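Below: the structure, in structure tokens.
Derivation of every value follows stated rules applied to the coordinates shown; laboratory data play no part. Since the structure is predicted, the reported quantities are computational estimates derived from the model, not experimental observations. With ideal geometry, Cβ positions are generated from the backbone for all residues, glycine too; neighbour counts draw on all protein chains shown.
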Ligand SMILES: [Zn+2]
């Protein structure tokens, strides 16, 4: 079986969701983590968890959504994370790659307080970090959080080494299937017990669907590419990913 450890299902209507989740199950995608980016989408995630057996949830405020949250976001998020199928705090993080994103000074307090919330609730964190990976990793470590995955990782070898030193996990997305993606060269450095895969639906559809609206079914294309790069049988990679997923998210 394949596991899509990061998908923004809230981007689909309920009718579309029934269809894409059924299709995913038929194609051996047995677990999907519906991932929130705000208080409102975390509420959607709870609905997905309740409606679909194969769906689990992550709730958090992403660095792109920090300017639009209600004052009581922490209280609201904490309550939503109480749901038995909520398995992580995320996606949270920091990103300095685009001047149109909220400035780092606004992103950082959300990142830090949600890492603390994760540690307190004994949940792993799902971390988005681009352009500032080393700082994101150091802050995570400083908070004392021992379980985290750096999703859709595209950092350099130094930041990869650092997060592996701290025993964090790495999740690869459809970017791994893009011909000139630098991350393809780093896959060989990631031990089998640290790898997860994801679609980041609706973004980053893998080849040959690049540019289309992504869906969990296509996580198999990410897995096939990782298996090829790691020179390992697909079934064996599936077993590694399932073990990693279960030990990180405790399900
Ligand atoms: Zn995402």
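For the pair segment 193-249 and segment 38-76, the centres of their Cα atoms are 23 angstrom apart.
Beyond 20 Å, what percent of the Cα pairs of segment 1-132 remain? Kindly include the intermediate steps, with their values, before the conclusion.
On the way: 3754 of 8646 pairs.
It works out to 43 percent of all Cα pairs.
Got a sec? Which residues in segment 175-198 would a label at residue 157 touch, if it sits 7 Å along Cα→Cβ and we count backbone N under 17 Å? Only 181-191 fall inside the zone, counting backbone N under 17 Å. With contacts taken as Cα pairs under 8 Å at a separation of at least 6 residues, the chain carries a relative contact order of 19 percent.
Highest first, please rank the peptides 164-171, 219-226 by the mean number of other Cβ atoms sitting within 10 Å of their residues. Walk me through the intermediate numbers first.
Details: 164-171: 19.0, 219-226: 22.8.
Ranked by mean Cβ neighbours within 10 Å, highest first: 219-226, 164-171.
Just the projected area, averaged over all directions, of the convex hull on the alpha carbon atoms of the chain: how many nm²? Don't skip to the end; give the middle numbers.
Values: hull surface 48.4 nm².
One quarter of the hull surface, i.e. the mean projection, equals 12.1 nm².
Stokes-Einstein diffusion coefficient for segment 66-207 at 10 °C in a medium of 1.306 mPa s, Rh from the Kirkwood formula over Cα pairs: what value in µm²/s? My calculation gives 100 µm²/s for D.
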